[in-house]
Amino acid sequence: MSIKENDILKKFRSFSENKIAPHASYIDEKQNIPEELLTDLKKSGFLGVLIPKEFGGLELNYIDYGLLNEEIGKVCTTIRSLITVQNMVAVIINRYGDNLQKSKWLPKMASGEAIAAFCLTEPGFGSDAKNIQSGLQAEGKDKFILNGNKKWISFAQIADILLVIARAEEGLCCIIVEKKTVGIEITPINDMLGARGCLLGEIRFNNCKIPQSHLVGNLGFGLFPVAFTGLDIGRYSIAWGCVGMAETCLDISKKYSKTRKQFDLQIFNHQLVKRILTDMAVELKAARLLCLNAGSFLENKSRDSFAEVLSAKYFASKMVRFVTARAVELHGASGLKKGNPVERFFRDAKIMQTIEGSDQMMQLMISRYL
Amino acid sequence: MNELKKKIKLFISEKIDITNLADTDDMFKQGFVNSLFAMELVMFVENEIGVKVENKDLMLDNFRSVCAIEKFIMSKK
Ligand SMILES: Cc1cc2nc3c(=O)[nH]c(=O)nc-3n(C[C@H](O)[C@H](O)[C@H](O)COP(=O)(O)OP(=O)(O)OC[C@H]3O[C@@H](n4cnc5c(N)ncnc54)[C@H](O)[C@@H]3O)c2cc1C
């Protein structure tokens, strides 16, 4: 498949290399995103890339959106995740929100005035999302009362709006909750192994009053199809992010293996090292093709896109664990030292196994299509 | 059998491992389908039949059986 490089991607690559990459190691170490970078990101318009132009977004197609995730994956997992979550929530509101919700939130999300978080996981329910317990109780004609706990929520610490999946009498629902709502308590979660700038949090909802007009999609359809529409995009973004991470690690490893000498030879010229680099490169190519394939299914709005995205996420997240581990290995001791990007990517790669569905969840879902 | 019903049945037969599904059988109640099916069903109706599923249409009554899906689609055409 030939891919046309367009101006937005060129601009994004330059933004990514010049504005994001210099902060990547700081973000990992300090577990925070510098204010300056956040401001630049908001101004750049790259936060709301899937949002339609009529709401101020860039309205990228899915292939370009994938390539953008690949670019950013090359430099910083945290900022890739920020763009991922923002677009997951935007896609849900754009697809299932009503006109009022769209015109209120999408322009703010495109400009970065509103940062979004996606709140599904709870302390007792991760993979078993269907059984989450956070509850929505109708109060009067126009309100719900929300009670419950959400855990491991990316960007909970800075989000302005929370898209919450909770249980009402009719079944699971998806509802927009403004962070300023009375009764919300957020406790930061720090010291994760990887994706360390994602500003995770545990969120408690204590008798929060939410207007019923904030419901996205009908009662009872909050997980399928509403939230899953976002998770689909999340998985697609992660898969491409993994490709980007692996590309950087392969690149650094090739260069290193041509400079590092052992036994009077560049290590690149030892046959066993060639084998490692070859396996890295071929796994990476295969993952990238699966991502492109998923992108074209999404672009064609094929109902099989869901399955293709699952395969891409499953394979790419395994691939990136393999490639980053080999990259660390090829660097010897220096690959195990903080400050070497391959060390950071190795830790970030492990996170990709769990988020947006673990390996086992991917296997179970993909097997449905066999 | 009309073309629309044939299409619906073909789609469902690809997704559900059951031989004699009656047109009025409630697939959700009888546990024939899991929830991913809801995603695919919406995509099928929108992209292969060409009928937009609005928010207010997201109701099990529109999707629970072959007949229900057919009736829903006809009401939108
Ligand atoms: C960095 C980070 C960011 C995150 N951001 C968000 C976010 O923004 N929003 C959000 O809602 N959540 C978020 N999460 C949570 C994430 O989605 C969950 O961690 C994930 O769904 C797994 O759930 P769990 O951690 O409860 O693990 P569990 O579901 O308890 O799984 C533990 C292990 O059991 C296995 N397992 C479970 N069920 C089965 C089964 N049926 N068969 C076989 N094996 C099984 C799993 O595969 C896994 O290996 C984030 C997590 C991380 C690490």
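Between the chain alone and the structure with every protein chain in place, find the residues of region B:28-45 that drop at least 10 Å² of accessible area; heavy atoms, 1.4 Å probe.
Those residues are B:N34, B:S35, B:L36, B:A38, B:M39, B:E40, B:V42, B:M43.
Could you let me know the centre-to-centre spacing of region A:157-185 and region A:77-147, using Cα atoms, in angstrom?
Here the answer is 7 Å between Cα centres.
So which residues of region A:218-238 lose at least 20 Å² of accessible area, probe 1.4 Å, when you go from the chain by itself to every protein chain present?
So the qualifying set is A:N218, A:F221, A:F224, A:P225.
Express in % the proportion of alpha carbon pairs of region A:3-113 at distances exceeding 16 Å.
Values: 3459 of 6105 pairs.
Value for region A:3-113: 57 percent of Cα pairs lie more than 16 Å apart.
Compare the Cα positions of A:F118, A:S25, A:N6 along the charge dipole of region A:1-144 (+1 at Cβ of Lys, Arg; -1 at Cβ of Asp, Glu; about the Cα centre) and return the one farthest towards the positive end.
Most positive-ward Cα: A:N6.
Where Rh denotes the Kirkwood radius from the mean inverse Cα pair distance, what is Rg over Rh for region B:3-76? Intermediate results must be reported in sequence, preceding the final value.
Details: Rg = 11.2 Å, Rh = 12.3 Å.
Ratio of gyration radius to Kirkwood radius for region B:3-76: 0.91.
If I compute solvent accessible area with a 1.4 Å probe over the protein chains, what percent of it on region A:202-292 is carbon and sulfur? It would help to have the intermediate numbers written out before the result.
Values: 2110 of 3950 Å².
Exposed carbon and sulfur together represent 53 percent of the surface.
Going through region A:1-65, which trypsin sites (Lys or Arg not before Pro) have at most 11 other Cβ atoms within 10 Å and a DSSP loop state? Could you put the intermediate results ahead of the total?
On the way: sites: A:K4, A:K10, A:K11, A:R13, A:K19, A:K30, A:K42, A:K43, A:K53; in loops: A:K4.
Within region A:1-65, the qualifying trypsin sites (Lys or Arg not before Pro) (loop, at most 11 other Cβ atoms within 10 Å) are A:K4.
Could you give the C-alpha radius of gyration of the protein assembly as shown expressed as a fraction of 2.2 N^0.38 Å, taking N as the number of residues it contains? Kindly include the intermediate steps, with their values, before the conclusion.
On the way: Rg = 22.8 Å, N = 447, 2.2 N^0.38 = 22.4 Å.
For the protein assembly as shown, the normalised Cα radius of gyration is 1.02.
Once you keep just the Cα pairs under 8 angstrom separated by 6 or more residues, what percentage relative contact order results for region A:38-167?
Details: 194 pairs, mean separation 31.9, N = 130.
Once divided by the residue count of region A:38-167, the mean separation gives 25 percent.
Would you please give the residues with an amide H less than 5 Å from that of A:E122, counting only those at least 5 places away or on a separate chain, with H modeled from the backbone geometry?
A:K151
Note the angle between two axes, namely the Cα long axis of helix A:341-352 and the longest principal axis of the Cα atoms of chain A, as a number of degrees from 0 to 90, rounded to the nearest 10.
40 degrees
Distances over 18 Å make up what percent of all Cα-Cα pairs in region A:223-367? Please list the in-between numbers first.
Values: 5965 of 10440 pairs.
Counting every Cα pair in region A:223-367, those more than 18 Å apart make up 57 percent.
Could you give the size of the charge dipole of chain B about its Cα centre, using +1 on the Cβ of each K and R and -1 on the Cβ of each D and E, expressed in debye and rounded to the nearest 20? Could the numbers behind the result be given before it?
Working: 12 positive and 13 negative charges, 42 e Å.
Dipole size: approximately 200 debye.
Quick check for you: with a 1.4 Å probe and neighbouring chains kept, what is the accessible area per residue of the protein assembly as shown, in Å²?
On the way: 19870 Å² over 447 residues.
Value returned for the protein assembly as shown: 44 Å² of accessible area per residue.
Cut-off 10 angstrom, C-alpha nodes, Gaussian network model of chain A. Which of A:N18, A:N207, A:N293 fluctuates the most?
Maximum fluctuation in the GNM of chain A, among the listed residues, is at A:N18.
With an 8 Å Cα cut-off and a minimum separation of 6 or more residues, compute the relative contact order for region A:3-113 in percent.
33 percent
Dipole of the protein assembly as shown, Cα-centred, from +1 at each Lys and Arg C-beta and -1 at each Asp and Glu C-beta, to the nearest 20 debye? Provide the component values of the computation, followed by the final result.
Working: 60 positive and 53 negative charges, 171 e Å.
Here the size comes out at about 820 debye.
Summed for both chains, how many Å² of accessible area, to the nearest 100, are buried between A and B with a 1.4 Å probe? Present the calculation step by step, with values, prior to reporting the outcome.
Working: alone 16710 and 5100 Å², together 19870 Å².
The buried area between A and B, both sides summed, comes to about 1900 Å².
With N set to the residue count of region A:277-326, report its C-alpha Rg divided by 2.2 N^0.38 Å to two decimal places.
Details: Rg = 11.8 Å, N = 50, 2.2 N^0.38 = 9.7 Å.
Normalised by 2.2 N^0.38 Å, the Cα Rg of region A:277-326 equals 1.21.
Given a 1.4 angstrom probe, I'd like the percentage of the accessible area of region A:3-113 that is carbon and sulfur, rounded to a whole number. Please list the in-between numbers first.
Working: 2130 of 4520 Å².
The value for region A:3-113 is 47 percent carbon and sulfur by accessible area.
Quick check: the angle from helix A:228-259's long axis to the longest principal axis of chain A, C-alpha only, nearest 10 degrees?
Rounded to the nearest ten degrees, it is 20.
For a quick check of your reading of the filter: which GluC sites (Glu not before Pro) in region B:8-58 sit in a DSSP loop and have no more than 12 other Cβ atoms within 10 Å? Before the final figure, lay out each step's value.
Working: sites: B:E14, B:E40, B:E46, B:E48, B:E54; in loops: B:E54.
For GluC sites (Glu not before Pro) across region B:8-58 that sit outside H, G, I, E and B with at most 12 neighbouring Cβ atoms in 10 Å, the list reads B:E54.
Can you tell me the Rg and Dmax of region A:117-222, counting just the alpha carbons, in angstroms?
13.3, 45
Is it possible to state the helix-based mean residue ellipticity at 222 nm for chain A, with each DSSP H run of 4+ residues giving -39500 (n - 2.57), the sum divided by total residues, to the nearest 500 deg cm²/dmol? What is it? Write out the running numbers ahead of the final one.
Numbers: 11 runs with 181 residues, N = 370.
Taking each H run of at least 4 residues, the total per residue is -16500 deg cm²/dmol.
The values are calculated or read from the model by the stated rules, or taken from the named source; none is laboratory data. Quick caveat, the model's predicted, so the values are computed rather than measured. As a convention, Cβ positions derive from the backbone with ideal geometry for all residues, glycine included, and neighbour counts pool all protein chains shown. In case anyone asks, the SASA skips ligands and DNA or RNA and just uses the protein heavy atoms, side chains included. Shrake-Rupley method; radii C 1.70, N 1.55, O 1.52, S 1.80 Å.
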